[in-house]
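The values are calculated or read from the model by the stated rules, or taken from the named source; none is laboratory data. Nothing here was measured: the structure is a model prediction, and the numbers come from that model. All Cβ positions, even for glycine, are placed from backbone atoms using ideal geometry, and neighbour counts span all protein chains on display.
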Amino acid sequence: MKGVVLLITTIFTVSAALQAQGEYAASKIPPPLLKNADAVLRLEDMQFEIINTRQTVTKYRYVVTILNGNGDHWAEYSDYYDKYRSIESVEGILYDANGKQLKKVKKKDLEDLTGSSGGSFADDDRIKRHNFYYKAYPYTVEYFSEVITNGTLFFPRWVPQGGERLSVENSSMHIVCPRDYQFRYKAFMYNREPEITFGKNTKQSTWSSSNMMAIVKEPFSPLWHELTTVVIYGPTDFELDNYKGTMSSWREFGKFVYSLKKDRDQLPGNVKQMVHQIADGVSDPFEKVSRLYKYMQSHTRYVGIQLGIGGWQPFDATYVATKKYGDCKALTNYMYSLLKEAGVFSYYTLVRAGEFSKYITADFPSQQFTHVILCVPNQKDTIWLECTSQTIQPGYLGDFTCDRPVLLIGEDGGQLVNTPRYGINDNLQSRYIRGVLEANSTLEVNTKTVYSGLQQDEIHSMITQLSKEKIKEVLDRKLDFPTYSIRRFDYQEEKRFLPGITESLGITVSNYASISGKRLFIMPNVMSRYTSKLSIDSTRNFDIRLNREYRETDTVEIEIPAGFESESMPVDVTVDSKFGRYNCSVKLEGNRLIYFRSLEHRGGRYPASDYRDLVKFYDAVFKNDHNKVVLVKKDGANAF
Amino acid sequence: MKTKQIIGFSLMYLLSVTVYSQDKSTARFGSVTEKDFTPKVYSIDTGASAVVIADIGSSQIEGNTKGWFSLVFKRYKRVHILNKNGYDVANVEISLYSEGDYEEQLEKLKAVTYNLENGKVSETKLDVKANVFKDKINKNRVIKKFTFPNVREGSIIEYEYTVTSDYLHNLQPWEFQGGYPRLWSEYNLTLPEFLGYVFLTQGDKQYDINTRKDGIESYRVADGRSIGPTDRVQFTASVTDYRWVKKNVQALKEESFTSTLGNHISKIEFQLSEYRHPLTYRRIMSTWEKLAEELMQADYFGLQLTKDNGWMRDIVRPVVEGAVTPSEKAKRIYAYVRDNFTCTNHQRLTMDQNLKTILKNKNGNVAEINLLLTAMLKNADLQADPVILSTRSNGYTYSLYPLLSQYNYVITKATIGDKAYYLDASEPGLGFGHLATRCYNGHARVINKEAPAIDLNSDEITETKFTSVFIINNEKGRLIGSMQQTPGYFESYEIRNLVKEKGQEELTKGIKKAFGADIDISNFRVDSINKPDEVIKIKYDFEIKDEREDIIYLNQMFGEGYKENPFKSAERFYPVEMPYAIDETFNLQLEVPQGYVVDELPKSLVVKLNAQDEGMFEYRISQSGDNISFRSRVRISRTYFLPDEYEMLREFFNLVVKKHAEHIVFKKKK
């Protein structure tokens, strides 16, 4: 009973506050919250009510004060709806600096837009959007929305600070559910227990936070949940469409995903025949998988169609076999079916894709995935297959899916394992350059560069997705020379487990060196100059997270016009730091300039106190990469 | 914004290649034979991933049952997909116009994929019922889309469809060129004499076939909308059949310094101009004067400017209070609109809300904002008129024809005394009398009684940048200096935005990084940062911290030089369209470092871009005692160059980059 009273009091207080004029006057913001802030979240209150496993209701109110133009994006309301999710009502209010109400809008005033995006060909996403587009700063907007969701696979998360330069005055999250329903949560940077109150048949858990100062991100910052409060929630029992599942463990969640794809692996007779034609008699398991994978690659293409349950359930193998296209789920399931026909077992595998999305809460099962790949267990090396690419090598995963926990889906449920990590011995770039410097300071240069691992991803995309003409257009633009023309170019792929590409270029660079009067200035590092430079922030607050590991080597030999001797040569440099190792050296042998460089860049996590050292390391690389050799006409020789 | 959680949202590698919708050949639907698969490459473009074998369209007019006429557009297209990179042509989108409950009708869609299997042609048909998807983009646009089944390298795909439209002004244009090469591109048009259209052609006008033939057609019009018996009319009318064919059309290429590829595509467009006998004569496309008059009477454009806006006086009065001169009043009103209203759409010619609503909502599209500005100026008894134009990315306009559909932007012309000012209050950082570069696209039209044409020519705006540096030895024998720089208006605009978004430190960081020597910066100041009418002025002092070696090599541009040729590519297909002319001067007075002597100075030179002196590069350096004077000036006073002139531009900047990289060499006194 006490709980009910408390609940009513809360509601009463909130609505009373709303009625009071000027409640949201900008002057009432506690001064510390203005520091580094473009906007202040004055009040946020989300109530997620689990009616039963078939339906939830989300009531969401937030009030945000925009302090300047950079904070305008916080003032926009945008939410999606589809077959399972309906936006019941929306109310928006605009207040001026003094908290005086200027305007009010309802759901019918909102824009209604398609939610289809780049990777998708057809889906049923739509968006409701609204913006007051006010710009007399500071101003305040308030939105209240009620959303009904059918199904309970997706739970909201509570992230009071939705991004940097946003401070928070008060934010709270309530989960309301039947007394006997168990939901789960995992909190980051929040060390209190939720407050529990009970209604007649319901239980309410509340998390709240206030007076959170705005965060300013720093280069190589850790993940957001390591910087500020984030609580994620997940169901135990849940439903989606007519499918039921439980999320108490990865194993259980896996069973649910399995039920969606179960019995979708029948292939038409002609494809079965083809499978046997390709695979029968091939004894080496990797070879067998490779051949079938290449068949799949050359007979299908990616088309993203996700309608209704299609956002979760793959089209069956027959669909892909006849249409010859599908999204990641359909193509992966198709590949799974091809392998199955050939007697090879594989796992349909959920992954959270993206170069910067390597994180999964391993100890907290919940829906965090965005993509599907295939995992083929093999005695030697597990074979990973990305089924949406028509060109990638079997066994190789790029930045999109490598080095992270993924969920293998088997008949007996899910299992979390890691995809391969490509390290400093895999991600390589070795470059050999021979050049002739003409008397008019034009450099005729021939290069050969061998890329491997993640270092070859970008070039792989370029050469497999663009025509020769387009590759030439890219090369004409992207090289770091002032004026140049590409004489010839060639790419050879080494199709192996860890793929490699050899690039050969012939380039004519105008005025590569500067020959003025009696001197010649030339940068011996022709094509591998480090381009970014960090600046030292006054104080570093967060740990440093360095993502990629790689190693580069350069060997350069340039023939220069006769009659020069060295006047100023950069000294040999070796920099050793915990972030990597750099060295370079240059010498003049007769009329040949010989340069060597290597850079090892390590990944990992480092304490904030190391930041100065990191800046120093990058600075040294930057500076030495741009060093010039100065040569001077030998006595008696004629100046140009 | 919240993102929906689904699996399959992400595609491994996604490269977007624009699909242009287009034309045809001698091919007919269903006539694919084995030998059509023979070519593996086509001589027109040996690197092409797909080749359009035929793209054939036709438009004609038919009587409908709503008492009027409809446009019937038919299209047939066949494409040979040569490799994976051409798969994007298998995804087809058809855009339909809609208004309220009415939507243009897509009918008779057929799509078939052909593959060669064991030497035989196999067909896979698109299941039109189940696999055509509809996406409502906004209230006036619906997209129907489908993808071909069973597509692989070497597939031939073909489709045809009909779109019926009740909008006679929506006679489909035809683009003869697109992202893939076309062997045959054809458009047929049958026009009855009772409808007049103006033809607008662009790009290469050499057609392989260009014919017209006169004939007679009969038209049946019924009106079944009213209660009672249906009205029916049948009549014959003279018609003209037009046919345009282009063969072997190259794919479009993307290049830098092009306002829009749309300016270079070979295409033909149509504009409804009049109704003629036996219809009641009506001029649809009028003269500029008439069009301007209509616009001024229209509630979605000028009507509210001419009305007596008594309520507006209450808004205008406090804004201009205390302003004495007309110019002062105009500036106040301009700043008020610019600073208090947000532009939500920068491509719009008409108003969707009335002035009162805009004032209340504090936002509007570019037409609404600048029409509000015009209204407020008029209300303050100033002379002001709206001006319509087409932005650079929207393509050129024809000054000859009053074709509203070509225009997508409204600005304001204010006349104070005998001086005209062009104003645009839709950009927060823009100053009085300044327009963004996108507005300088040639012909624009003032909407008033006389409707005069004006020319907003990019040749007439010059980015003038002036930098001056003084460097002397301080008492400790170190080089210290001061820098003063006045960038051009557009660069000032960009710097203002940078400082607003990221703070002034971002600017100093950039300067330090580019400087080329290790420096300490002090007394950093940016003047006029909050005066968008003016150019900014950057001032700072610096001390060079580099070690004193026996020889000092000094690049005396201090990070201000050209390090890259803006015209990198060795080839050029389309004209160069630069946003403005440039005139950049760098002056330096430098004291020889203490204890050093000059060993070598770069050579001075002056070159002209061409005989007409439409550009020049001046590089002068001289020494007098311990003082070195240096000056670099780069001027280009033309903004439009033909592909023939490209090499000249490229060589000019090649020389600028070369000279800007040179050094002064000092040697320690022995």
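Taking the condition among the charged types (D, E, K, R), within 28 Å of A:PHE253 (Cβ to Cβ) and within 13 Å of chain B (Cβ to nearest Cβ), does A:ARG157 pass? I'd like the intermediate steps shown before the answer.
Values: among the charged types (D, E, K, R): yes; within 28 Å of A:PHE253 (Cβ to Cβ): yes; within 13 Å of chain B (Cβ to nearest Cβ): yes.
In short, yes.
I want to confirm something. Restricting to segment B:274-283 and keeping residues that are of a type outside the set (Lys, Arg) and surrounded by fewer than 17 Cβ atoms within 10 Å (Cβ to Cβ), which single residue is nearest to B:TYR207 (Cα to Cα)?
So the first thing to find is which residues in segment B:274-283 are of a type outside the set (Lys, Arg), and the list is B:274-275, B:277-281.
Subsequent filtering for residues that are surrounded by fewer than 17 Cβ atoms within 10 Å (Cβ to Cβ) retains B:274, B:277-281.
Numbers: B:GLU274: 27, B:HIS277: 32, B:PRO278: 33, B:LEU279: 33, B:THR280: 35, B:TYR281: 33 Å.
Taking the candidates together, the pick is B:GLU274.
Kindly check whether there is at least one residue in segment B:333-343 that is within 14 Å of chain A (Cβ to nearest Cβ), buried (at least 18 other Cβ atoms within 10 Å of the Cβ), touching a strand residue (DSSP E or B) at 6+ places or on another chain (Cβ under 6 Å) and not hydrophobic (A, V, I, L, M, F, W, C).
Within segment B:333-343 (the criterion being within 14 Å of chain A (Cβ to nearest Cβ), buried (at least 18 other Cβ atoms within 10 Å of the Cβ), touching a strand residue (DSSP E or B) at 6+ places or on another chain (Cβ under 6 Å) and not hydrophobic (A, V, I, L, M, F, W, C)), the answer is yes, since at least one residue qualifies.
Do any helices (runs of 4 or more DSSP H) lying entirely in segment A:223-303 carry at least 1 residues that are at pLDDT below 95 and within 32 Å of the chain's Cα centre (by Cα), and which ones are they?
Here the list reads A:250-261, A:285-299.
Just checking: which of the strands (runs of 3 or more DSSP E) contained wholly in segment B:418-517 hold 1 or more residues that are closer than 28 Å to B:ASP546 by Cβ?
Values: elements: B:419-423, B:442-446, B:453-456, B:462-473, B:479-486.
By residue number, B:462-473, B:479-486.
Keeping to segment A:348-401, report how many residues are assigned to a strand (DSSP E or B) and more than 8 Å from every other protein chain (Cβ to nearest Cβ).
Residues of segment A:348-401 that are assigned to a strand (DSSP E or B), as a first pass: A:348-351, A:371-376, A:383-385.
Among the residues that remain, those that are also more than 8 Å from every other protein chain (Cβ to nearest Cβ) are: A:348-349, A:351, A:373-376, A:383-385.
Number of matching residues: 10.
How many of the residues making up segment B:186-198 are of a type outside the set (A, V, I, L, M) and either farther than 30 Å from B:THR287 by Cβ or modelled with pLDDT under 90 (or both)?
2
Can you give me the ranges of the strands (runs of 3 or more DSSP E) entirely in segment A:466-581 with at least 2 residues that are within 26 Å of the chain's Cα centre (by Cα) and more than 9 Å from every other protein chain (Cβ to nearest Cβ)?
Details: elements: A:484-494, A:500-509, A:514-516, A:519-522, A:544-546, A:550-559, A:564-568, A:573-577.
Correct list: A:500-509, A:544-546, A:550-559.
Conditions tested, residue by residue: (1) touching a His at 6+ places or on another chain (Cβ under 8 Å); (2) crowded, with 16+ Cβ neighbours inside 10 Å; (3) in contact (Cβ under 8 Å) with a residue 24 or more places away in the chain; (4) away from every other protein chain (no Cβ under 14 Å).
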| position | (1), (2), (3), (4) |
| --- | --- |
| B:GLY510 | no, no, no, no |
| B:PHE515 | no, yes, yes, no |
| B:ASP518 | no, no, yes, no |
| B:PHE542 | no, yes, yes, yes |
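Can you name the condition, by its number, that A:GLU341 falls short on among (1) within 14 Å of chain B (Cβ to nearest Cβ); (2) under 27 Å from B:ALA130 (Cβ atoms); (3) not β-branched (Val, Ile, Thr)?
(1)
Does B:PRO602 satisfy being under 18 Å from B:GLY559 (Cβ atoms) and part of a loop (DSSP other than H, G, I, E, B)? Can you show your working first?
Values: under 18 Å from B:GLY559 (Cβ atoms): yes; part of a loop (DSSP other than H, G, I, E, B): yes.
Yes, satisfied.
Looking at (1) in contact with a helix residue (DSSP H, G or I) (Cβ under 7 Å, 6 or more places away or on another chain); (2) in a strand (DSSP E or B), which is the only condition B:SER393 fails?
Failing condition for B:SER393: (2).
Can you name the residue in segment B:558-592 that is closer than 30 Å to B:PHE666 by Cβ and acidic (Asp, Glu) and is also farthest from the other protein chains (Cβ to nearest Cβ) among such residues? Explain how you work it out, then say what you get.
Start the filter on segment B:558-592 by keeping residues that are closer than 30 Å to B:PHE666 by Cβ, which leaves B:558-565, B:584-592.
Now narrow it down to the ones that are acidic (Asp, Glu): B:560, B:564, B:584, B:591.
Values: B:GLU560: 15, B:GLU564: 5, B:GLU584: 17, B:GLU591: 21 Å.
If we take residues in segment B:558-592 being closer than 30 Å to B:PHE666 by Cβ and acidic (Asp, Glu), then B:GLU591 is farthest from the other protein chains (Cβ to nearest Cβ).
Checking the condition under 30 Å from A:SER609 (Cα atoms), among the small types (Gly, Ala, Ser) and either modelled with pLDDT of 95 or more or touching an Asp or Glu at 6+ places or on another chain (Cβ under 8 Å) (or both), which residue from A:SER172, A:SER145, A:SER210 passes?
A:SER210
Mind listing just one residue for me: the one in segment B:48-101 that is touching a Gly at 6+ places or on another chain (Cβ under 7 Å) and of a type in the set (S, T, N, Q) and, of those, surrounded by the fewest Cβ atoms within 10 Å (Cβ to Cβ)?
Top of the filtered list is B:THR65.
So which residues in segment B:601-616 are on the phi < 0 side of the Ramachandran plot and either touching a residue at least 40 places away in the same chain (Cβ under 8 Å) or surrounded by fewer than 17 Cβ atoms within 10 Å (Cβ to Cβ) (or both), if there are any at all?
B:LEU601, B:PRO602, B:LYS603, B:SER604, B:LEU605, B:VAL606, B:VAL607, B:LYS608, B:LEU609, B:ASN610, B:ALA611, B:GLN612
Restricting attention to segment A:300-340, which residues are within 22 Å of A:GLY410 (Cβ to Cβ), touching a strand residue (DSSP E or B) at 6+ places or on another chain (Cβ under 6 Å) and surrounded by fewer than 22 Cβ atoms within 10 Å (Cβ to Cβ)?
A:PHE315
Quick one: B:VAL665 ticks every box in (1) within 23 Å of A:VAL509 (Cα to Cα); (2) more than 27 Å from the chain's Cα centre (by Cα) except a single one, so which number is it?
The one condition B:VAL665 does not meet is (1).
Okay, residues lined up against (1) at pLDDT 90 or above; (2) of a type in the set (Val, Ile, Thr):
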residue	(1), (2)
A:TRP312	no, no
A:ASP327	yes, no
A:MET335	yes, no
A:PHE345	yes, no
A:PHE364	yes, no
A:ILE373	yes, yes
A:GLN379	no, no
A:LEU397	yes, no
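Taking the condition of being touching an Asp or Glu at 6+ places or on another chain (Cβ under 9 Å) and β-branched (Val, Ile, Thr), how many residues in segment B:199-227 meet it?
Selection size over segment B:199-227: 4.
Under 7 Å between Cβ atoms, at least 6 apart or on separate chains: pull out the pairs that start in segment B:310-325 with a residue that is more than 19 Å from B:ASP339 (Cβ to Cβ) and end on any residue that is at pLDDT 90 or above and part of a helix (DSSP H, G or I).
Listed by first residue and then by second, the contacts come to B:ARG313/B:ASN379.
Quick check on B:THR113: is it closer than 19 Å to A:VAL320 by Cα, modelled with pLDDT of 95 or more and in contact with a Leu (Cβ under 9 Å, 6 or more places away or on another chain)? Don't jump to the end; show me each part of the working.
On the way: closer than 19 Å to A:VAL320 by Cα: yes; modelled with pLDDT of 95 or more: yes; in contact with a Leu (Cβ under 9 Å, 6 or more places away or on another chain): yes.
It is true that B:THR113 is closer than 19 Å to A:VAL320 by Cα, modelled with pLDDT of 95 or more and in contact with a Leu (Cβ under 9 Å, 6 or more places away or on another chain).
Which of the residues that make up segment A:603-614 are touching a residue at least 40 places away in the same chain (Cβ under 8 Å), in a helix (DSSP H, G or I) and either closer than 14 Å to A:ARG581 by Cα or aromatic (Phe, Trp, Tyr) (or both)? I'd like the intermediate steps shown before the answer.
Let us first name the residues in segment A:603-614 that are touching a residue at least 40 places away in the same chain (Cβ under 8 Å), namely A:603-612, A:614.
After this cut, where a residue has to be in a helix (DSSP H, G or I) as well, the list is A:608-612, A:614.
Within segment A:603-614, A:TYR611, A:LEU614 qualify.
Quick one: which residue in B:ASN131, B:ASN188, B:ASN170, B:ASN140 is within 14 Å of chain A (Cβ to nearest Cβ), within 30 Å of B:SER399 (Cα to Cα) and not basic (Lys, Arg)? First the steps, then the outcome.
Details: B:ASN131 fails: within 30 Å of B:SER399 (Cα to Cα); B:ASN188 fails: within 14 Å of chain A (Cβ to nearest Cβ); B:ASN170 fails: within 14 Å of chain A (Cβ to nearest Cβ).
The conditions single out B:ASN140.
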